[in-house]
Amino acid sequence: MAESDKPVAIVTGAARGIGRSHALALAQAGYAVVVNDLGGEGNGTGADLTPAEEVVAEIKAMGGTAIVDGSDVSNWEAAGGIVRKAIDTFGRLDALVNNAGVLRDRMLANMTEADWDIALNVNLKGSAAMMHHAAAWWRDRSKETGAPVNAAVVNTTSGSSMYYTPGQTNYSAAKAGVTALTIIASRELARYGVRVNAIAPIAATRLTAGVMPAGGEERLNPAKVSPLVVYLLSPEATVTGRAFHVGADGFFVYDTPRPLAGRKAEGGDWTTADIARVMPAVLEGLPEPATSAATLGFMNTVPVEQLG
Ligand SMILES: NC(=O)c1ccc[n+]([C@@H]2O[C@H](COP(=O)([O-])OP(=O)(O)OC[C@H]3O[C@@H](n4cnc5c(N)ncnc54)[C@H](O)[C@@H]3O)[C@@H](O)[C@H]2O)c1
C-alpha cells in the first residue's frame, strides 16, 4: 500500500457525541480518518454500524477522506484489527484518539459483575488495547527508519475520576486508570517519538443528558472539545504526559495525585499508637478530595477571554 499523503487518525467511538466531533475536526484539519464505532447504547448494549457510516458520509461530503470500522475496542484482537485496517488502507498511522466509552452507573451495593466489567473493559481495556497495537507499530517503524515517528495519542478520561462521583465507582476507576495509562505510556513511548495526553471532556451528549445544566447545549457543544484534541495531535505540539479538563469555554491542566503531608518515624520504628497520635496534625488543614462542585467552578469561572 502506497503511503497516504495525508496524516492518518483513528478515532474510536466516533459515531456520536464527542468522538464524531473529533472525527469531523480531524478531517477538516486534513487527516484521513478511521471512524470506529460499535454503535451500541450508552450503557454498552447493542451494535449498529449506521451512525458511523453517516459520519464517514459527512466527511466525504465535505471533501475529506474516511473509512468506517465497527469493531469493539474492548476486544484485544479486534483493536489490533482497527490499527491494521488504518495501516493496510493508508500505509501509515499518525494519531489515535481513544474516545469510546460507556456508562453503567450503580451504587456499589447494587453493582453487578457485568456492570463492573463493561465499564472497565470499554473505557480502560479498550484504550490499552488500541494503544498496545498502535505502539507496537510505531516502535517497529521507529526502529526500521532509525528516526522518531512523531505520532500522538489522546485518551479520554473523565471529571468523574477527579471528583469521585458517587454511583460511578466502575466508570471512575476505569477513567482514573486511563490517566495512569496515559502518563506511563507517555514515558514509555517518548523514545519512539510518540506523545500521549488525556482529556476529561465536558459536553452535552446522550451520556450527560439529564445531568448538564438546562439550556447550556450550545455552550456545551461537543465541537468545543475537539480543537484541543487537534492541537495535542498536531506534529508541532510537544506536550506529553498531561491530563486536561476541556469543554464549554476553556481548558485546564489537571494535577495527578502527589504527597500532601506525612510524618517519618524516628529510627524507622513506629507503632499504631504513634500513628494515632500524629494523624490529627497530619490531616489538619489539608484540602478534601475534590467533588463535582469543582467542575461547576471550572465551567463558571473561566471565560475564554481570561485564558490569555
Ligand atoms: N459528555 C461528557 O461530558 C463526558 C464527560 C466525561 C467523559 N466523557 C467521555 O467522552 C467519551 C465520549 O462520550 P460521549 O459523551 O460523546 O458519549 P456517546 O455515547 O455519545 O459516545 C460514545 C461512543 O462510543 C461508542 N462505543 C461504546 N462502546 C464501544 C466499543 N466497545 N467499541 C467501539 N465504540 C464504542 C458508542 O457507540 C458511542 O458512539 C467517552 O469516553 C466518555 O466516557 C464524556
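Observations on the structure shown:
- Positive contributions from Lys and Arg (+1) and negative ones from Asp and Glu (-1), summed over other residues with Cβ under 15 Å from the Cβ of A276, come out at 0.
- Surface accessible to a 1.4 Å probe, E41 within the full protein complex, Å²: 110 Å²
- Whole-number accessible area per residue in Å² for the chain, which is evaluated in the context of all protein chains at 1.4 Å: 49 Å²
- Rg over Rh for segment 34-136 works out to 1.02, using Cα positions for both radii and the Kirkwood form for Rh.
- Using θ = phi - 60° in the Karplus curve 6.51 cos²θ - 1.76 cosθ + 1.60, the 3J(HN,Hα) couplings for segment 28-33 round to 4, 7, x, 7, 7, 10 Hz; x is entered for Gly and Pro.
- Whole-number percent relative contact order across segment 145-239, with pairs defined as alpha carbons under 8 Å at least 6 apart: 35 percent
- Amide H within-cut-off set for A243, under 5 Å, with H built and near neighbours excluded: A198, Y254
- Anisotropy class of segment 1-43 from Cα gyration tensor, a/c 1.5 cut: oblate
- Too-long pairs where the Cα-Cα distance tops 29 Å, listed order kept, from K60/K125; K175/K264; K143/K224; K6/K175; K125/K224; K60/K143: K60/K125; K175/K264; K143/K224; K6/K175; K60/K143
- Residue among E113, E266, E236 with the largest mean-square fluctuation in a Gaussian network model of the chain, springs linking Cα atoms under 10 Å: E266
- What the Cα atoms of segment 132-193 give is an Rg and a Dmax of 15.0, 49 Å.
- For the chain: relative contact order, % (alpha-carbon pairs under 8 angstrom, 6 or more apart): 16 percent
- Taking a quarter of the surface of the Cα convex hull of the chain gives a mean projected area of 20.0 nm².
- Of the listed residues K60, K175, the order by accessible area with a 1.4 Å probe, largest first, is K60, K175.
- Whole-percent carbon and sulfur share, accessible surface of segment 12-164, 1.4 Å: 51 percent
- Subtracting the Cα-Cα distance of H132 and R106 from 0.36 nm times their residue separation leaves 6.4 nm of extension gain.
- Inter-label distance for E236 and D48, nm, one decimal - labels placed 7 Å from Cα along Cα-to-Cβ: 4.0 nm
- Taking amide H atoms as placed 1.01 Å from N in the peptide plane, the amide H of F251 has no partner under 5 Å among residues 5 or more positions away or on other chains.
The values are calculated or read from the model by the stated rules, or taken from the named source; none is laboratory data. All figures in this text were calculated on a predicted structure; none of them were measured in a lab. As a convention, Cβ positions derive from the backbone with ideal geometry for all residues, glycine included, and neighbour counts pool all protein chains shown. The accessibility values were calculated without ligands, DNA or RNA, using every heavy atom of the protein model including side chains. Shrake-Rupley method; radii C 1.70, N 1.55, O 1.52, S 1.80 Å.
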